[in-house]
Each structure stands twice: as structure tokens, then as C-alpha cells.
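Each remark here refers to the structure printed beneath this line.
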Amino acid sequence: MLGTAASAATIPPTTAHAANTIRRAFHSNPFNSLSSSHHSILCARFRCLSLRSFTAVSTKAMSHPQTLDAPHPRSSAAGNKQALISLSDKKDLALLGNGLQELGYTIVSTGGTASALENAGVSVTKVEQLTCFPEMVLDGRVKTLHPNIHGGILARRDQKHHMEALNKYGIGTFDVVVVNLYPFYDKVTSMGGIAFDDGIENIDIGGPAMIRAAAKNHKDVLVVVDSQDYPALLEFLEGSQDDQQFRRKLAWKAFEHVASYDSAVSEWLWKQTVGDKFPPSLTVPLSLKSSLRYGENPHQKAAFYVDKSLSEVNAGGIATAIQHHGKEMSYNNYLDADAAWNCVSEFRNPTCVVVKHTNPCGVASRDDILEAYRLAVKADPVSAFGGIVAFNIEVDEALAKEIREFRSPTDGETRMFYEIVVAPMYTEKGLEILRGKSKTLRILEAEKNEKGKLSLRQVGGGWLAQDSDDLTPEDIQFNVVSEKKPQDNELCDAEFAWLCVKHVKSNAIVIAKDNRMLGMGSGQPNRLESLRIALRKAGDEVKGAALASDAFFPFAWKDAVEEACESGVGVIAEPGGSIRDGDAVDCCNKYGVSLLLTNVRHFKH
């Protein structure tokens, strides 16, 4: 402390004055008009003076911050309002630059942003005129990482010692900071990928530092990271009132922007380093797509967010579906559409799936998609009414007409009504016809969900994460454990029922035959009750059909297995794993039913 005070006393009082003189020289002379020798001399003198002045700071004075009584100044030390602009995405830059210039702002900028502003007729002070360092030192990595930049951003105008320090070292304040970041997200998700070293070079350092600094000091500095906010910024600056809520909103958006950016870097680097699907910590960047009228029920507020994780880029799904027509999507619409789309996308042949309350109540595959549609509705026409209908092939004119005109199988008169139609594509005529069915019918065009996604589900105070259930009949073995071997057509029916049952809520039973669902039972606390619901829906068609269960049967005799056998099913497919599997085998042998064990469970809660 004594040594610092002593050295401070020996510093000539003209040091700050000299520093300010050099600073004014830089402000008054265009940088590119200086000779290289002149520039080097001025910068060397300024760095020397700044360093000497820095060592002379009195620790005693700095340890007693004072608050200014008068309103804090809103201008730079040189008497001008300053805006700092550094952009990768230069959308509407001319609008911003000209608008700020008309409002009397001196614009400080970097590299390509400065060139673009100059081309738009905007006067620009280049950042190197403030830092006295060539911008491309270390390939531009440190061009804005300098006290003359960050001091002007972070200095609090209501703190006397902050303003005295700026004046002492000839640092001007920044009133506006407009920055967006290197396009890391776009680079690492581009077709063909990106080399590791190129990915590292696209990690922005100076940009996030400036954004965070300005957002922290938002009481004095307006920070903008989104070109959509340029008009609001200019309107705010034209006014005479200072709105702290506006400043806070911009600051929040800035921190959110950096957080989302950092999450992308973290996700990418984790995959490059370890690759495990379950990292020690996990950030999921979500972007608001729409505010919803309400949640599951009218008294619940709701919104829909799109997952901006790198793993979700071009990975398909309902979240990125295009809505061609109809009312806005609701909370329940998204859940049901997702269930329908995930189910229908798993089938290879032309298929129609009808969903109600996230459960497929009708599924059929046929070469003729019109027939598949009719059979899917026929499985449970009461439930299908007001449901979601999904196809895994293009909806053309003929299919659209069938959807529009088809009458309910229950009475042959009532025209079927649906909330949503979802398909991978539509012909122009198909869309035109479907639009004519109803003003409210939501028509979605979606891409197939990629396999291998991380499935997240919220519980109170936490999240459950797991691999998505991507297994299909082609991925597993149907092991015959009964005396009776299934015929080829029976095995096909069992595989079809098995693919359906994985999309039905547990406890789940599906009865199917000839590539169509005959009946399903879902969501019951016991498997026997789900079986009875499925049998009732299947009716007489159950004879010789296949039955699939999402989990093993805990009991066989006088329970689900025996009732299924007595109903006339020809083949049963289930995971096995019960201590009473032997009873199930004996029961099927007694009734001459084929029993297949898959060793794969498909619980869905």
C-alpha cells in the first residue's frame, strides 16, 4: 500500500492529459490516413502512458467508490454518443447504421461489419483506432478484447471513480452495443459436417464477451443481438424517456443468445470428445414457436417450444412440421399428432394410422392407400371421429377426396370429422381438396423422425432421459416356444401387431390380422382388462388373428392367456420373462395356439 501511494505521488499530473491528447488525435485522424511509422509512434506512446498511468492508481482512492449526485452522463469521454457494432449476420445493417448516424451516434466497428457500413454510406471509426492494435493480430482473435473497448462498455456512469478512470485513461463510453456471433450452429450442422479444427475456429470469444459485458451493464448500455430489434432500438433512442424494462428485456435476450450459443458448443464438443448420450450435465436450448390458447385443459396456460439442440437439426418430427391449413395447433393437438406421426412412420408399406388421445385406435397397411384408410377407420369408427389421421405416403387427389367424403362405418351417413391430417407430402390438388373439407382441419406436412434420439420426460424436480424406443420387428427374434408353429401369414400378423402395440399406452394389447388392427386395449391397470377391451372391439374377426402384448403375462390359467386362447386367436406374441412363462406355454399348447417370445418389452407410460 505504501509503495503504491509513493509511486502515485511521483507521477506527473500531465500523464492523463497526454493520454487524452493522443486519444483525441486518433479520433480526429482517420486511421488509414496515418503512415505506418506515425501509427506505431502514437500507439507506442499511448500504450506507455496508459501503462504508467495504470501503475499510478491510488489503491486508497479506488477502495472508496463514490456515487455521482448529478445525472450520469450518457456520452463518451470525447463528448459523443458511441455505438459499437460487430456482426456476423449483417441483415438490415444499413438500416441500423444509418439510423444511429442520423441520431448523432459515432459508430465503432470491426472488419467486415465496418466495410459493409462504409459501403452503405455510414461513417465508421474502426476498432483498431481505439485499441492501437492491428485488428488481425492473432488472426483477429483479440481485436475487441481490450480495456479501451470493455472499459467503455462496463463502466458504470453513476460511479464517480469509474468515470474518473475513463477520463484518466482516455476511454470513451459506449451507449449501444450491437453484436451477433460466429455462425457456429450453422457450420457444425452443415451438410457433410465440419473438421474439428474448423469447428474450434468458429467458436466466438470476443462477441460473447462484449454481449455479456453490455448486458450486465444494461442500465447504461443498450445491447442488441437480433436484427428484429433494430426498429425498436431506434424508436427508443429517438424518445426522451428511459425505460429500464426495455433495457432489461434486451439484456435478457442477450444472455439467452449467449447461453444458447454456449449450449451448442458444449453439445458439439462433448460428442467430439466422449460421445456418451448422457453427459454429466445437460442443457436443452428451447426456442418459443408459439403461444397456445391453453394447455391440456382451458385453465392451464401453455406454449410450444422447438428443441434447438444440434442433434435435432434436420432430424424430423412434428415440431418442425409445416402447417398448410386450419386452426392453430393446440397443446393436445401436438401430443396426438406426434403419436400418430411416430406410429405411421415406422411402417414400410403404405399405411394409415388413426389416433385418439395419443393411442392408435386404427392401423392398416395396403398397397391401395384408400383401402388402408377405410380399414383403419373401421377398426374403431367411434374413436376415430374427431381424431388424427396420418399417412406415410403422399396424399393425392384421390386420397384427399376419400378423406373428405368418407362416411362413418357405424351408420354409413355421418361424414368423418378429424382434427388433423398429417403426411410426408401433398399434391397441389390434394391440398386444395382437403382445405375444402373444413376451415378448421389442420393439415400438417412432416418429415420422418430420425432414430437414435434422446427421449426426455419431466418429473417433479427433474428429468428422465432414455434412448428412444426404435426397435421394430426386423430388429428382434420371434422365438417359437409352443408346440404349434405359426404359418407365414400368422407370423406376419404377429409382427404387425407387435409394431402396433409399442405405440399403445400400457397395459397394451393389440389384435391384428392381414396387416390391419382389429382391436386394441390400452392404459388399463391390469392386462386382463386391456385384453377384454381389445377382444370386444375385434368381435368375430378375432378367429385366427394375432395378439401382441407390450409386456409379459403374469398369469395364464383363468387369466389373459387362457381367455385369449378361448376367443380363437391363432398366435400370441409377448416378451416373456414371467416366472409363470411355463404356464403360458402349457395353456397355448392345450388350445393349439402358437406362442412367440420376443425378449423385448414395449412399455409406454
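The values are calculated or read from the model by the stated rules, or taken from the named source; none is laboratory data. From a predicted model like this one, the values you see are computed outputs, not experimental measurements. Neighbour counts are summed over all protein chains in view; Cβ atoms, including those assigned to glycine, are modelled from backbone coordinates with ideal geometry. For the accessible areas, the whole protein counts, side chains as well, though only heavy atoms, and no ligand, DNA or RNA atoms are used. Shrake-Rupley method; radii C 1.70, N 1.55, O 1.52, S 1.80 Å.
Below are the figures for this structure:
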item: Every pair of residues 6+ apart whose Cβ atoms lie under 7 Å, when the first sits in region 257-279 and is closer than 30 Å to Val178 by Cβ while the second is surrounded by 15 or more Cβ atoms within 10 Å (Cβ to Cβ) and of a type in the set (Ser, Thr, Tyr); result: Ala264/Tyr185; Glu267/Ser309
item: Of all residues making up region 124-174, the number that are free of Cβ contacts under 8 Å to residues at least 24 places away in the same chain, surrounded by fewer than 18 Cβ atoms within 10 Å (Cβ to Cβ) and among the β-branched types (Val, Ile, Thr); result: 1
item: Residue in region 168-178 that is at pLDDT 90 or above and hydroxyl-bearing (Ser, Thr, Tyr) present; result: yes
item: Spans of helices (runs of 4 or more DSSP H) in region 329-399 with at least 3 residues buried (at least 20 other Cβ atoms within 10 Å of the Cβ); result: 331-344, 369-378
item: Single residue of Ala551, Ala556 found to be in contact (Cβ under 8 Å) with a residue 24 or more places away in the chain, closer than 14 Å to Arg601 by Cα, part of a loop (DSSP other than H, G, I, E, B) and aliphatic (A, V, I, L, M); result: Ala551
item: Ala214 out of contact with any Asp or Glu (no Cβ under 8 Å at 6 or more places or on another chain) and within 24 Å of Gly104 (Cβ to Cβ); result: yes
item: All positions within region 417-432 that are surrounded by fewer than 22 Cβ atoms within 10 Å (Cβ to Cβ) and of a type outside the set (Phe, Trp, Tyr); result: Pro424, Met425, Thr427, Glu428, Lys429, Leu431, Glu432
item: Region 251-269, residues that are open to solvent by 70 Å² or more (accessible area, probe 1.4 Å) and either among the aromatic types (Phe, Trp, Tyr) or touching a helix residue (DSSP H, G or I) at 6+ places or on another chain (Cβ under 6 Å) (or both); result: Trp252, Phe255
item: Hits in region 471-513 - residues which are among the polar types (S, T, N, Q) and farther than 19 Å from Glu541 by Cβ; result: Thr472, Gln477, Asn479, Ser482, Ser506, Asn507
item: Where Glu445 falls short, out of the listed (1) at pLDDT below 95; (2) surrounded by 15 or more Cβ atoms within 10 Å (Cβ to Cβ); result: (1)
item: Among the residues listed as Cys500, Cys492, the single one being open to solvent by 50 Å² or more (accessible area, probe 1.4 Å) and not in a strand (DSSP E or B); result: Cys492
item: Every pair of residues 6+ apart whose Cβ atoms lie under 8 Å, when the first sits in region 499-513 and is assigned by the TED database to the domain that holds Glu529 while the second is among the acidic types (Asp, Glu) and open to solvent by 20 Å² or more (accessible area, probe 1.4 Å); result: Leu499/Glu346; Lys502/Asp469; His503/Glu346; Asn507/Glu529; Lys513/Glu541
item: Total residues in region 295-316, condition modelled with pLDDT of 95 or more, part of a loop (DSSP other than H, G, I, E, B) and either assigned by the TED database to the domain that holds Phe417 or open to solvent by less than 90 Å² (accessible area, probe 1.4 Å) (or both); result: 3
item: Options Ser345, Ser365: the member that is more than 30 Å from Gly295 (Cβ to Cβ), in the same structural domain as Asp411 (by the TED database) and touching a residue at least 40 places away in the same chain (Cβ under 8 Å); result: Ser365
item: Residue check, Ser506 part of a loop (DSSP other than H, G, I, E, B), of a type in the set (S, T, N, Q), touching a helix residue (DSSP H, G or I) at 6+ places or on another chain (Cβ under 9 Å) and modelled with pLDDT under 95; result: yes
item: Filtered residues of region 197-244 (kept if within 23 Å of His150 (Cα to Cα) and of a type in the set (Ser, Thr, Tyr)); result: Ser227, Tyr230
item: Filtered residues of region 278-287 (kept if under 19 Å from Ser468 (Cβ atoms) and open to solvent by 70 Å² or more (accessible area, probe 1.4 Å)); result: Phe278, Leu282, Leu286
item: When residues of region 582-605 are limited to those that are without any contact (Cβ under 8 Å) to a residue 40 or more places away in the chain and either under 14 Å from Lys484 (Cα atoms) or within 46 Å of the chain's Cα centre (by Cα) (or both), the one surrounded by the fewest Cβ atoms within 10 Å (Cβ to Cβ); result: Lys590
item: So Gly544, is it surrounded by fewer than 18 Cβ atoms within 10 Å (Cβ to Cβ), part of a loop (DSSP other than H, G, I, E, B) and modelled with pLDDT of 95 or more; result: yes
item: Selection within region 212-250 - hydroxyl-bearing (Ser, Thr, Tyr) and either surrounded by 19 or more Cβ atoms within 10 Å (Cβ to Cβ) or in contact with a His (Cβ under 7 Å, 6 or more places away or on another chain) (or both); result: Tyr230
item: Only one of Val108, Val122 that is within 30 Å of Gln228 (Cβ to Cβ), part of a loop (DSSP other than H, G, I, E, B), hydrophobic (A, V, I, L, M, F, W, C) and modelled with pLDDT of 50 or more; result: Val122
item: Residues being in contact with a strand residue (DSSP E or B) (Cβ under 6 Å, 6 or more places away or on another chain), at positive phi and not small (Gly, Ala, Ser) - total across region 326-380; result: 0
item: Residue in region 150-157 that is touching a helix residue (DSSP H, G or I) at 6+ places or on another chain (Cβ under 6 Å), over 30 Å from Glu201 (Cβ atoms) and assigned by the TED database to the domain that holds Ile203 present; result: yes
item: Complete set of residues in region 227-286 that are among the basic types (Lys, Arg) and in a helix (DSSP H, G or I); result: Arg247, Arg248, Lys249, Lys253, Lys271
item: Test result for Ala573, under 39 Å from the mean Cα position of the chain (by Cα), in the same structural domain as Ala508 (by the TED database), under 28 Å from Asp470 (Cβ atoms) and in a loop (DSSP other than H, G, I, E, B); result: no
